[in-house]
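One structure is given below, encoded as structure tokens.
The values are calculated or read from the model by the stated rules, or taken from the named source; none is laboratory data. Keep in mind the model is a prediction, meaning the values are calculated, not measured. Quick reminder, even Gly has a Cβ in these numbers, built from the backbone with ideal geometry, and neighbours come from all protein chains shown.
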């Protein structure tokens, strides 16, 4: 981030009156928490704001407590989208916006993110790649705008910080992130509520889906790579909706000796691509965003994703080959 980046974003948010806030497909806690946080912050500034998340896929059930539908979330672009400023949060590429057409449809595109490979697709961009989360970046923006968080806003941002830092256990857990968490709690975020809702309210169908992912898991490259898949048959057998796959990869990451883990899920018929893959690595491991980019995706150095039409065996082969090439120790 540069001073001019922050000034440009702050100026855009101050100068305009109508906004549409969106985020990436398959939204996680930081995407949803940041989207709600930005929406609530704009309302505190007296702005007209609407949250837009295109498509028909249900939201992950662990984030139902954010009550996005009752707080203004719509699933299709409003009729006056051309007159609104689009604010895309936690989205590294225009193609990752749930409805990419929104980027061009708005009167101005503001891009606020923390992914190091962000393409700066907005007309105005604020990308802080050493921030723990997009929620952290938003709090800096709100401070510049003199927005005092309400308990609702604080809880939305806390959700983003706590999930993107893995409950303050991942390597992106900085002193600033911890200080921000304390501040958000002081502003009214309910730590116990967020923990129970996100981590201890798991639908039984999600547990069944996790069991299928663990059953399919395979150790490769002498145990340094763990790869699993979820087929449509797995989703149907578990009676699990698409968002129930959120977070399953973290169980694979816990395997002793695994330096890179991958979870590839087969998408429903009619989806733009046949499969989506998620990649994770340990703090001293390979840059999985580089591997994701080889499939046309991207993300963080330790957490990334991609979409592809390749068959599962070819995906696995390319992941292992990329890992051994980047690792330098051979298979």
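With respect to residue 256, determine if the residue is assigned to a loop (DSSP other than H, G, I, E, B) and either under 18 Å from the mean Cα position of the chain (by Cα) or surrounded by fewer than 17 Cβ atoms within 10 Å (Cβ to Cβ) (or both).
yes
Of all the criteria given as (1) crowded, with 18+ Cβ neighbours inside 10 Å; (2) farther than 23 Å from residue 60 by Cα, the one not satisfied by residue 300 is (2).
Residue by residue, here is whether (1) part of a loop (DSSP other than H, G, I, E, B); (2) under 27 Å from residue 271 (Cβ atoms); (3) free of Cβ contacts under 8 Å to residues at least 60 places away in the same chain holds:
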| position | (1), (2), (3) |
| --- | --- |
| 87 | no, yes, no |
| 129 | yes, no, yes |
| 160 | no, yes, no |
| 173 | yes, no, yes |
| 179 | no, no, yes |
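One residue alone among 310, 279 is more than 14 Å from residue 227 (Cα to Cα), at pLDDT 95 or above and in the same structural domain as residue 216 (by TED's automatic domain parsing), and that residue is 310.
Residue 59 satisfies every condition listed in (1) under 15 Å from the mean Cα position of the chain (by Cα); (2) assigned to a helix (DSSP H, G or I) except (2).
To keep it simple, each residue is scored yes or no on (1) at pLDDT 90 or above; (2) under 18 Å from the mean Cα position of the chain (by Cα).
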site	(1), (2)
268	yes, no
274	yes, no
287	yes, yes
292	yes, yes
301	no, yes
306	yes, yes
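Annotation: of all residues in the stretch 28-42 being over 13 Å from the mean Cα position of the chain (by Cα) and over 19 Å from residue 107 (Cα atoms), the one that is surrounded by the fewest Cβ atoms within 10 Å (Cβ to Cβ) is 40.
Selection over the stretch 235-253 of residues that are assigned to a loop (DSSP other than H, G, I, E, B) and either surrounded by 15 or more Cβ atoms within 10 Å (Cβ to Cβ) or free of Cβ contacts under 8 Å to residues at least 12 places away in the same chain (or both) gives a count of 4. What do you reckon, is residue 109 at pLDDT 95 or above, crowded, with 17+ Cβ neighbours inside 10 Å and either in the same structural domain as residue 301 (by TED's automatic domain parsing) or not in a strand (DSSP E or B) (or both)? Criteria not met by residue 109.
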